[in-house]
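Structure first, then comments.
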Amino acid sequence: MGCGHCKDGVSWLTEHRPCHLCKSALHKELDRSLIVGYTISDLMTNVTKKDIVEEIARRTGMTQAETKSVLEGLLDAISTTLRDGRNIEIRGFGRFKVRPRKARLARNPRTGELVQVEGGVKPVFEASRELKALLNAGDLQIAELQQALQQSNVAEISSTESAS
């Protein structure tokens with residue numbers, strides 16, 4: 001049973017909405033537990049700022065206007081901080097950084113002509129160990145995941161102490 005457009009509409013935001021392509025009502029009552037067993041490519045859909053605003057508003061009880069304002073403030077703060085050349089670390093989530101790009105010679109694919117490309121900076125996101133583990137955990141519970149991370153930290157600390 002499905003619409004054929006979106007593998008039964010399973011993504012982290014479709015549990016209360018119809019398929020974005022066919023507007024099918026088949027997906028309105030999906031349970032997030034159905035996600036287990038789907039491949040990553042089945043779940044790889046773009047999530048827009050509007051989708052994030054709707055999800056946060058639903059979870060927090062804030063209005064969508066308030067949520068949008070907060071989200072835009074966060075994104076503006078991240079952008080401004082990166083533009084100023086500073087990194088942002090959000091523990092348990094990851095780091096936003098800027099990396100320099102060297103100037104280089106490139107080839108125009110249409111004409112084959114060599115073109116000088118200016119250097120600059122590029123934004124980079126590095127996921128934290130916790131986020132990587134969560135993404136790869138499948139159906140593990142968060143508490144089990146945190147316990148495993150704590151045990152790995154203890155193992156890392158004891159191995160470095162014994163090496164000293």
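Restricting segment 98-116 to residues that are outside any loop (DSSP other than H, G, I, E, B) and among the hydrophobic types (A, V, I, L, M, F, W, C), which is surrounded by the most Cβ atoms within 10 Å (Cβ to Cβ)? Let's see the steps before the verdict.
As a first pass, look at segment 98-116 and keep what is outside any loop (DSSP other than H, G, I, E, B): 98-101, 104-107, 114-116.
Those still in the list that are among the hydrophobic types (A, V, I, L, M, F, W, C) too: 98, 105-106, 114-115.
On the way: VAL98: 17, LEU105: 8, ALA106: 10, LEU114: 9, VAL115: 10.
The extreme case among them is VAL98.
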For segment 75-110, the count of residues that are touching a Gly at 6+ places or on another chain (Cβ under 7 Å) and aliphatic (A, V, I, L, M) equals 2
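Readers should treat all values here as calculations from the given coordinates under stated rules, not as data from a laboratory. Worth saying up front: this structure is predicted, and the values here are computed from it rather than measured. Cβ atoms come from the backbone with ideal geometry, glycine included; neighbour counts cover every protein chain shown.
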